[in-house]
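*Asks:* Mind looking over this structure? Questions follow.
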Amino acid sequence: MMTQHVGEALGLDTEVRGALEPLRAKPTKLADRGRLRKLPDGKFTARLRA
């Protein structure tokens, strides 16, 4: 998922620069904690548990 797509789904204005920064911080924090995985292209995906 990309932050822009999440913002669009939530009805946020994705054209305004900086409007998505608070939304972008949440998945970044989850990736830092190991709950999500951040891909090199900037997308996030669920981390599979083994």
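*Asks:* If you take the residues of segment 2-50 that are β-branched (Val, Ile, Thr) and touching a helix residue (DSSP H, G or I) at 6+ places or on another chain (Cβ under 8 Å), which of them is surrounded by the most Cβ atoms within 10 Å (Cβ to Cβ)? So that I can check it myself, show each step before the final result.
*Replies:* Let us first name the residues in segment 2-50 that are β-branched (Val, Ile, Thr), namely 3, 6, 14, 16, 28, 45.
Keeping just the survivors that are touching a helix residue (DSSP H, G or I) at 6+ places or on another chain (Cβ under 8 Å) gives 3, 6, 14.
Working: Thr3: 20, Val6: 17, Thr14: 16.
Ranking the candidates gives Thr3 first.
*Asks:* So which residues in segment 1-19 are polar (S, T, N, Q) and in a helix (DSSP H, G or I), if there are any at all?
*Replies:* Of everything in segment 1-19, those that are polar (S, T, N, Q) and in a helix (DSSP H, G or I) turn out to be Thr3, Gln4.
None of the figures in this text is laboratory data; all of them are computed from the coordinates on show. These numbers come from a predicted model, not from an experiment. Glycine gets a Cβ as well: all are built from the backbone with ideal geometry, and neighbour counts include every protein chain shown.
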